[in-house]
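One structure is given here, and the rest of the page talks about it.
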Amino acid sequence: MAPKNSKKAAEAAPPAPESDVEMDYGSPSNEVLIDENSPQELAKKEQRIRVLPGSSATAASFEFKDEDHTLGNALRYIIMKNPEVEFCGYSIPHPSEPLMNIRIQTYEGTTASEALEKGFKDLMDLCDVVADKFVEAQIEFAEENPTEV
């Protein structure tokens, strides 16, 4: 035996949505454009580099989130090319954690933070040179081998 109010409940229920119903998400004039590089938005982003406790001006350890051997080894190599750096090494504390630590010790006259910044700049410059050389070689190959491209 069905409940007495089942007929009324079925009549009061909203109709099932149709699969070809168009949704109106508002006009483009209502959209808010957000500058992802604004200081307010950059402050909201997660900090990916931090100085670990126990650091001094000339000897510091930095923790990088979401980085691995790819950046660690390249950055260590570039930083060690700096004559003002006494030591630079990196480690991955545990393979299941997305963290990379880098330790920098400098001679008097420069700080570990300056050495890290110079390392970033030098690594970006090296990547630019490699990319330019690759594009030049690609163009040269395409000119020498027009049917193979």
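Annotations for the structure displayed:
- Verdict on SER55 being part of a loop (DSSP other than H, G, I, E, B) and modelled with pLDDT of 70 or more: yes
- Qualifying residue in the stretch 96-110 (condition: under 27 Å from GLU63 (Cβ atoms), part of a loop (DSSP other than H, G, I, E, B) and of a type in the set (A, V, I, L, M)): no
- Taking every residue in the stretch 118-134 that is among the basic types (Lys, Arg) and pairing it with any residue that is surrounded by 14 or more Cβ atoms within 10 Å (Cβ to Cβ) and assigned to a helix (DSSP H, G or I), at least 6 positions away or on another chain, the pairs with Cβ-Cβ distances below 9 Å are LYS118/ILE78; LYS118/ILE79.
- Beta carbons closer than 6 Å, at least 6 apart along the sequence or on distinct chains, pair a first residue in the stretch 56-67 that is touching a residue at least 40 places away in the same chain (Cβ under 8 Å) with a second that is β-branched (Val, Ile, Thr) and assigned to a loop (DSSP other than H, G, I, E, B) for ALA57/THR111.
- Just so you know, in the stretch 73-86 the residues that are touching a strand residue (DSSP E or B) at 6+ places or on another chain (Cβ under 9 Å) and either in a loop (DSSP other than H, G, I, E, B) or modelled with pLDDT under 95 (or both) include one that is surrounded by the most Cβ atoms within 10 Å (Cβ to Cβ), and it is ASN82.
The rows are residues; the columns are (1) of a type in the set (Ser, Thr, Tyr); (2) surrounded by fewer than 15 Cβ atoms within 10 Å (Cβ to Cβ).
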position: SER56; (1), (2): yes, yes
position: CYS88; (1), (2): no, no
position: PRO95; (1), (2): no, yes
position: ALA112; (1), (2): no, no
position: LEU116; (1), (2): no, no
position: ASP122; (1), (2): no, no
position: ASP132; (1), (2): no, yes
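The values are calculated or read from the model by the stated rules, or taken from the named source; none is laboratory data. Please read all numbers here as calculations on a predicted model, not as lab measurements. Glycine also receives a Cβ, built like all others from the backbone with ideal geometry; neighbour counts cover every protein chain displayed.
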